[in-house]
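One structure, pasted below without further comment.
No value in this document is a laboratory result; all are computed from the given coordinates. Keep in mind the model is a prediction, meaning the values are calculated, not measured. Here the Cβ positions follow ideal geometry from the backbone for every residue, glycine too, while neighbour counts run over all protein chains shown.
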Amino acid sequence: MGVLEIHNLRKSFNGTKVINDFSFDLTELTLNCLVGPNGAGKTTTMDLITGRQKPDSGRIVLRGDDITGLGEHEIAQRGIGRKFQVPAVFRDLSVRQNFEVAYSRQTNPFRNMAGRQPPGFAPRLAEVTDLTGLADRLGTEAGLLSHGETQWLEIGMVLMQDPAIMLLDEPVAGMTEAEIEKTVGILNRLKRTNTLIVVEHDMGFVRQIADVVTVMHMGSFLAQGSLREIEADARVREVYLGEPEV
Amino acid sequence: MHLLDAVPLINALILGLSIASIWLIAALGLTIIYGTVGVINMAHGEFIMVGAYTSYALQSSIGLPFLLCLPASFAVVALVGLVIERGLIRYLYNRPLDTLLATWGVSLVLMQGVRLIFGSDPKYIAVPQIFQDNLAFGPFGLSVFRLVVIAITAAVVAATAWLFYRTRFGMQVRAVMQNKEMAASFGIDADRVYMITFAIGAGLAGLAGSLFGVLAIVLPTMGTAYVVQAFLVVVVGGGSLVGSVAAAGLTGELQSVFALFSNDTFARFLLYVLIVVFLRFRPRGLFAVAKARR
Amino acid sequence: MTRNLYHDKRAQWLLYGAVFLALAAVPLFVSDGFLLNQFATYGVYGLLALSISLGWGFGGILNLGQGIAFGLAAYGMAMTMQMQSQDPDSNPIPPFMLNNSLDHLPAFWEPFWSTGGGILLALVIPTLFYVVFGSLMFRARVSGPFIAIMTLAMLSAWYTLILDMQPYTNGANGLSPPSPLTVFSTQIDPYSPTAYWIVCGLLILATAGTKLLTQSKFGLVVQALRGDPERVRFLGYNVAVYETVIYAISGFIAALAGCAWVMLVQYVSPAQLDTNFSITMVIWAGIGGRLSLIGSILGAFLIQGGQSYLGDQFLNTWLLLLGAFFIVVVRVMPKGLAGLLELALGALARPRRGDGTGARADGAALPAAGE
Amino acid sequence: MAAAAVAAPHLWLPTTREAWGATLKKGEPIKVGLLFSLTGQLAVPEEDSTLVMQYAIDEINKNGGIAGHQIQPVIIDAKSDFNVYSEKAKELILREKVIAIFGCYTSASRKAILPVVMSQNSLLYYPTCYEGAECTQNTICTGPLANQHSKDLIPYMVKNFGKKVFFVGSNYVWPKESNKNAKIWLQNAGGELVGEEYIPLGSSEFGPVLGKIRDTKPNFIFSTVVGASDIAFHKQFKQEGFKVDAMPIASLTTGEIETKAMGAEFGAGHFLSAPYFQSLDNPTNHKFVESFLKSKYGKNGSTHYNMEETYLSAYVFKAGLEAALNKTGNIEEVTSRMIRDVSGGVKVDDSISPEGLIWIDSDNFNTWLKPKIGQCQADGSFKIVAEAKEQVAPDPYSIYPNLGKCTATGLVAPDGKARKNVI
């Protein structure tokens, strides 16, 4: 039994079946790469898991708890963190303030008016800044960070949430080689202590981080296994050869 | 139901059509500008007002016939719009709240500028005698000028639809609306498309103004009377042409029918509340699509 | 590293303290009852600008209908003061109602016999309305310009309703309570230092409270959702609740202003719910600097003072100048006059480490990556 | 703290209200405030009010002023904003220490400034028509009250056009109160009310109302629509095919200025009741019209009932101040309130008043005057078709006898209790 189970998920937009009977299990403390050609439904799956879209049918179960149809913030509170493809940080706040907002153990607005950060913030911040290497950028306005730094900031923000599962949508899009290398390091450290789903196109990157690879095609589950098994899979080859981009 | 009882209601429906046409032509320019450029133009009412003053000035100085005042007002206000777009709006395209505020500043300047030039006493626009009559079919009737407004509105809507859906320019507009960068890579100059659209939208307001100057009165403050209704039409319609047509039809008829059964003031209150409730359930209006996030 | 003094919390509090002190000291130097009353009225405008700055500057909620809270509270206060001049036995009904053929006091006027109860209602009802209307809007995820238009429509609805309910509100003529507010059997002369200090005290308390609020975790979350509400939602916060709360607090401050205003002018009419007045509030905050509480307040002082003291010299050109000035502010300095100060202090700090804080003035308050 | 007490002794002394009040000084000009809007929506009528007041003050000053003192106007632009009215009234009274304010055109602005006028015991000359139902000790009104305004008009219309009437008004207090009075005259004249509608202030959409009028087929329309709406109403009336000779509009507001603004073609044939018309045929009026239009204040090209009522208020003030001087013999002892108290019964005779003799009621301080009925002609001027035989008494509480009677000392209820400052 996985930490996150998806059963027979379906979702259509204007009659087009975007997610079609998709099922999936996520094992604790693994890094699962979700791959598939454009339009396979990867981002929509993310949207459905995090509550941004509501499924037409099917169930999403987190640690035995049915979270289907809950609001985004409720799902986030139950322990699913998400990083967007286009990095979404609060550009006019400082890096430190971004982390403070992300430390969302207390979400009641009236309790938060009291001002102080809940206990545990400082050690968590130290851990996260150490991991992301942003310790000396804490005072900088987030809008002034480089692209790579912004991506790490957002990963850091998701970590501040201390989620049971992290969903990362194309975390290395637009990064330089050196930045990708650093991100690989971060993710490989993370997967020792966290459960992750990473949506990615870049197979070279997938090779360096993935424990398990899941392939989606036309909104359905196609194959799952180690990267080697996937690369040997005939159906996967067929799907990918049909598409020019890998 | 006796036919006799239905007469007031049918008359109210006919009148509702006229009110709808007035609100629609008031909202048309706003729709185009909002739908294409994404700017909420708070100075729209003052564009209407400038259009009315243009007609008044042309008529009283060089005696231009009323029917020629219409295109003249269109041209003059389009020019005003062009200047404002080039001088101000184009710097604010990515800042929707700021365009709202900046155009409100523009409205103050236009209103006060007109007041300094023309004074604050009311002016009027004369129309040919045949426009000052009433057409009656038995118990049903409507004034000729209201019919003229309905006809002009229909013609202008048709022309706008043609321009935006049947011409090369319209294709460019829609390409820019969908994806500015992609359109640019096909050699479409988004900046130019925005500029022209804004000018056309302003010009339509000017045209509406010269019609309203005949229905009511030409005053520096006249624009505010129409602009709230125009906004509601655009917001309810969701910013598309067909949306505005539907929204104007709906709200105009409701206003007319509510007024028949209660009174004008209460009808207006009821309409505002209905619109707020409607927006609660369709915050993006009648015809709008959700956007994806990557 | 040298930080921009503008962002230094201690320097900010020093500035606030200095402004508060200067405001509180005014009656020691001004003996003219007219001036005290006028300055107190500016204080009310300052409260309104503060409420706009909180909602729009910090929360990104451009509210063009702040006249709702202001006007409803002003009506509540005027009703309270009106009932003070009535007598339950010999003369229980305000004169205007008799003219509108009401032969008994409408039920919703009854609570206003009590001064404390009346003022409480004047504050609670607008705030509650903001909670209800706010949660309606924010749960439907209405955002950006649509909030502006919806609040504007709601304001028009209230305006029309109050105008039309003449037997209960005296329609366009409004309420003019014949004598000043009496609390604890003391009449508060609107031209006295007492009245001035009451308003000044409200302004200081509200400003300090709001400042603390913006510096709390709550304030930080609100500033974050101004930029990207969806991101905040995915961090586990219920954005609609946060937005409703900030909107309601801003409404509460405007309601305070409404009560204080009627205490000073003994008058309220639907004009207080006119769209122009509500938009004027936004202009105060915009020119003063919506991101700075004190900047917004000083913006209100500046513009209303300008209107009172420059207006008659310029007469007709005043509105023209105001409009043009506002365009310039929006176009080149979205952070208003406070932004200029930030730039200047930033330039002082720059020689040692140019972090470009000032240069990125534009767009800072705008949805960065939202829809 | 001690330093503060020395620096600001007023904080610790009981404030003496009188010390702030207006005073007149021998040999110094008499300051009065002109509180009208020169900009904004209300500027259309109120700019003319300011101009005609300046004209009247010039005229009085040229003829030797009041007891040798010149009048000095303090001219204010209230910007059509009620907040500004309130603020500027305070400034005029507390700061400029004017002895009287001439101002306002709408009841809403009057109600905005009355609290300060009353609390400082100052004096307001309200120079236009209003609804009444107000009894203060600090106002004098020179326009017709609702009970005077339509008294002759309604019977005249019923007699000449028929019994059935439709009431249309702007949605605020004055039209509703005027219509209450009109209903009484209508009942007395044996007429029948077939409909009553109020449209939002400033609205220019008369379609629904005209639809109801078409359905109810009245013989004439009684209109209390004001401002820009009034003009829209007359234009749409004609455009919707209504014929003026079959169903004329009898109005309390549509005068020379409104007719000019809408175009005489839309005004011709309709009726207006007012105490004054530019076309009144008497020597005083001829002189007034001619010399006003020639003066630097006559730039807008017409004289209007509202302007004439404003003009009269200057002479009512002059007469009141002279009466106060007679009483005290010393101008420095005259207060605003004293002028008000002695103004009961003061007259402006037909050598000065273009509308003919008028006088101030000594109980309620409104004006005795003769309403006249005029019909608009094709050139926009009015032809007088009827005139009251004698001055009609003003009564602000005519339709509310239960509330009491307005007297110089307050509103006296039927049970004998008097209440001051009822607004």
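Less than 15 Å Cβ to Cβ from D:Asp363, Lys/Arg counted +1 and Asp/Glu -1: what total charge do the surrounding residues give?
0
In sequence order, what are the phi-derived ³J(HN,Hα) couplings for segment C:91-106 according to the Karplus relation 6.51 cos²θ - 1.76 cosθ + 1.60 with θ = phi - 60°, rounded to whole Hz, with x for glycine and proline?
These are the phi-based 3J(HN,Hα) values: 8, x, 10, x, x, 5, 5, 4, 5, 9, 6, 8, 9, 9, 5, x Hz.
Here's a follow-up. Among D:Thr259, D:Met247, D:Ser203, pick out the residue whose Cα is farthest towards the positive end of the charge dipole of segment D:148-274, where Lys and Arg carry +1 and Asp and Glu carry -1 on C-beta, about the Cα centre.
Working it through, the farthest residue towards the positive pole turns out to be D:Met247.
Please report the net charge: other residues with Cβ closer than 15 Å to the Cβ of B:Gly141, K and R +1, D and E -1.
Neighbour charge sum, excluding B:Gly141 itself: +3.
Another question about this same structure. Might you report the magnitude of the Cβ-based charge dipole of segment A:34-129 about its Cα centre, with Lys and Arg at +1 and Asp and Glu at -1, to the nearest 20 debye?
The calculation lands at about 200 debye.
At q = 0.15, 0.16, 0.22 Å⁻¹, what base-10 log of I(q)/I(0) does the Debye formula yield for segment D:148-274 when every alpha carbon is treated as an equal point scatterer in vacuo?
Here log10 of I(q) over I(0) equals -0.60, -0.69, -1.43.
Scan around D:Val74 for amide H atoms under 5 Å from its own, H built in the peptide plane at 1.01 Å from N, and keep only partners 5 or more places away or cross-chain.
For D:Val74, the qualifying residues are D:Val32, D:Gly33, D:Leu34.
Top mean-square fluctuation among B:Ile117, B:Ile275, B:Ile22, Gaussian network model of chain B, C-alpha springs under 10 Å?
Of the options given, B:Ile117 has the highest mean-square fluctuation.
Quote the charge dipole size of chain A about the Cα centre in Debye, to the nearest 20; the model charges only the Cβ of Lys and Arg (+1) and of Asp and Glu (-1).
Here chain A has a charge dipole of around 640 debye.
What are the equivalent ellipsoid semi-axes of chain B, built from the alpha-carbon gyration tensor (square roots of five times its eigenvalues), in whole angstrom, biggest first?
31, 25, 18
By count of other Cβ within 10 Å, fewest leading, how are B:Val76, B:Val39 ordered?
So the residues, fewest neighbours to most, are B:Val76, B:Val39.
Can you give me the relative contact order of segment B:24-95 as a percent, contacts being Cα pairs under 8 Å and 6 or more apart?
Answer for segment B:24-95 is 27 percent.
Give me the net charge for the shell around A:Glu127: Cβ to Cβ below 14 angstrom, other residues only, Lys and Arg +1, Asp and Glu -1.
Result for the local shell: +1.
List every DSSP H helix in chain B whose Cα atoms extend 20 Å or more along the helix's own long axis and whose mean Kyte-Doolittle hydropathy is at least 1.6.
B:3-32, B:66-87, B:144-165, B:222-237, B:264-281
Hey, another quick one. Percent relative contact order of segment A:189-238, based on C-alpha pairs within less than 8 angstrom and at least six residues apart?
Once normalised by length, the contact order is 23 percent.
So what is the relative contact order of segment A:1-155, in percent, for Cα pairs below 8 Å that sit 6 or more residues apart?
The normalised contact order for segment A:1-155 reaches 20 percent.
Arranged by the count of other C-beta atoms within 10 angstrom, fewest first, what order do C:Tyr267, D:Tyr297 take?
Ranked by crowding around the Cβ, least crowded first: D:Tyr297, C:Tyr267.
Could I ask something else about it? Assuming 0.890 mPa s and 25 °C, estimate D for segment B:54-169 with Stokes-Einstein, Rh taken as the Kirkwood radius over Cα pairs, in µm²/s.
Translational diffusion coefficient: 139 µm²/s.
Order of C:Leu35, C:Leu205 from fewest to most other C-beta atoms within 10 Å?
C:Leu205, C:Leu35
What average count of beta carbons from other chains do you get within 10 Å of the Cβ of residues in D:40-47?
4
Using only Cα atoms and rounding to the nearest 10 degrees, what angle (0 to 90) does helix D:227-239 make with the longest principal axis of chain D?
Long axis of D:227-239 versus the principal axis of chain D: about 10 degrees.
Can you give the convex hull volume per residue for the Cα atoms of segment C:1-73, as a whole number of Å³?
123
Stokes-Einstein at 10 °C, 1.306 mPa s, Kirkwood radius from Cα pairs: D for chain A in µm² s⁻¹?
Rounded to a whole number, D works out at 85 µm²/s.
Enumerate cysteines in the protein assembly as shown without a disulfide-compatible partner, where compatibility requires another Cys Cβ under 4.7 angstrom.
When partners are defined as cysteine Cβ atoms under 4.7 Å apart, the protein assembly as shown leaves A:Cys33, B:Cys69, C:Cys200, C:Cys259, D:Cys104, D:Cys129, D:Cys141, D:Cys376 without one.
Let me ask another. Let's see if you can work this out: charge +1 on each Lys and Arg Cβ, -1 on each Asp and Glu Cβ, no other charges. What is the dipole magnitude of chain B about its Cα centre, in debye to the nearest 20?
960
I need the peptides D:365-373, B:125-133 ranked by packing, meaning the mean over residues of other C-beta atoms within 10 angstrom, with the highest value on top.
Output ranking for D:365-373, B:125-133: D:365-373, B:125-133.
Averaged over peptide D:173-180, how many Cβ atoms belonging to another chain are found within 10 Å of each residue's Cβ?
3
With no solvent and one equal point scatterer per Cα, compute the Debye intensity ratio I(q)/I(0) for the protein assembly as shown at 0.05, 0.06, 0.09 Å⁻¹ and report its log10, rounded to two decimals.
Treating every Cα as an identical point scatterer, log10 I(q)/I(0) equals -0.42, -0.60, -1.20.
Rounded to whole Å and sorted largest first, list the principal axis extents of the Cα atoms in segment B:208-273.
Principal extents (Cα only, largest first): 31, 29, 17 Å.
Report the dimensions of segment D:96-219 along its three principal axes from the alpha-carbon atoms, largest first, rounded to Å.
Result for segment D:96-219: principal-axis Cα extents of 56, 32, 17 Å.
Now for a different question. For helix C:67-84, what angle does its Cα long axis make with the longest principal axis of chain C, in degrees from 0 to 90 and rounded to 10?
For C:67-84 against chain C, the angle is about 30 degrees.
Okay, next question. From other protein chains only, count the Cβ atoms within 10 Å of every residue's Cβ in A:73-82, then give the mean.
4
Taking the Cα atoms only, what angle lies between the long axis of helix C:33-52 and the longest principal axis of chain C, rounded to 10 degrees?
Tilt relative to chain C: about 60 degrees.
Can you compute 3J(HN,Hα) from phi for each residue in segment A:210-222, using the Karplus curve 6.51 cos²θ - 1.76 cosθ + 1.60 with θ = phi - 60°, rounded to whole Hz and x for Gly and Pro?
Result, rounded to whole Hz: 6, 8, 10, 10, 10, 10, 10, 8, 6, x, 10, 5, 10.
Dividing the convex hull volume of the Cα atoms of chain C by its residue count, what figure in Å³ per residue is obtained?
Cα convex hull per residue, to the nearest whole number: 156 Å³.
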